[in-house]
1. If the cut-off is 26 Å between C-alpha atoms, which lysines fall inside it for residue 43, apart from same-chain ones fewer than 8 positions away?
2. Give me, ordered by chain and number, the residues 5 or more places off residue 130 or on other chains with an amide H under 5 Å from its own placed amide H.
3. Just reorder 100, 30, 44 by solvent-accessible area, largest first, 1.4 Å probe, all chains present.
4. Counting heavy atoms of the protein chains only and a 1.4 Å probe, report the per residue accessible area for the chain as a whole number of Å².
5. Enter the accessible area of residue 12 (Å², nearest 10), with the probe set to 1.4 Å and all protein chains included.
6. I'd like the accessible area for residue 101: 1.4 Å probe, protein heavy atoms, all chains in place, Å² to the nearest 10.
7. Accessible area of residue 136, 1.4 Å probe, to the nearest 10 Å²?
8. State the extension gain, in nm to one decimal, for the chain segment bounded by residue 147 and residue 25, taking 0.36 nm per residue of separation less the distance between their alpha-carbons.
Amino acid sequence: HGTLSHWLFDITQARPAPADKVAELKIKWKNPNLNESQKTAIKKMLLAPDVFLCQGPPGTGKTTVIAEAIYQWARSGYSVLLASQTHLAVNNALEKLLSKTYSDPCIRAIRLTNSRDIQRKIDESIESITEENVLENFYAMMKGHLEAKFLDKWDSDDAIIENAKADRK
């Protein structure tokens with residue numbers, strides 16, 4: 001089956017996702033704007049037994065594919081390490097994960113850095129998930145999620161009950 005070093009130097013050593021499994025995989029997509037090519041790439045990525053190589057010219061949606069795949073893995077209980085040769089690529093993928101599209105408690109991202117020099121390369125849009133801020137951001141996100149799921153519904157139900165009482169009088 002090989003090891004990471006085998007795949008890095010010869011990607012043909014990696015086993016592809018079984019085509020029949022890709023075709024039958026049903027996914028509840030978080031991003032409603034994915035095209036069919038992106039959906040197929042994500043399915044192959046999720047089912048790849050070894051490693052999956054995603055490449056394409058700028059603007060083809062690689063970051064969108066990465067964000068959706070990370071979301072799907074996180075939703076399934078997996079931990080994901082996102083690494084790149086550039087800070088910008090990591091920041092862009094994390095920024096997409098922090099967008100309203102992927103607002104979900106299963107996304108608990110943290111942007112790790114190893115020096116103050118790298119810290120300066122952190123974009124403002126993902127500063128909320130740096131080591132110093134991640135816990136505060138997580139609690140704020142959980143508060144918003146719980147309010148939307150439960151408290152807002154209770155307030156709405158209370159209003160309906162009060163209106164029904166007023167109509168009976």
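1. Partners within reach: 21, 26, 28, 30, 62, 96, 100.
2. 111
3. 100, 44, 30
4. Value returned for the chain: 72 Å² of accessible area per residue.
5. 110 Å²
6. 60 Å²
7. We get 140 Å² for residue 136.
8. Full-extension gain reported as 40.6 nm.
The values are calculated or read from the model by the stated rules, or taken from the named source; none is laboratory data. What you see is a predicted model; the values in this text were computed from it and never measured. All Cβ positions, glycine included, derive from the backbone under ideal geometry; neighbour counts span all protein chains shown. Each accessible area value is taken on the protein alone, full model and side chains, heavy atoms only, with ligands, DNA and RNA left out. Shrake-Rupley method; radii C 1.70, N 1.55, O 1.52, S 1.80 Å.
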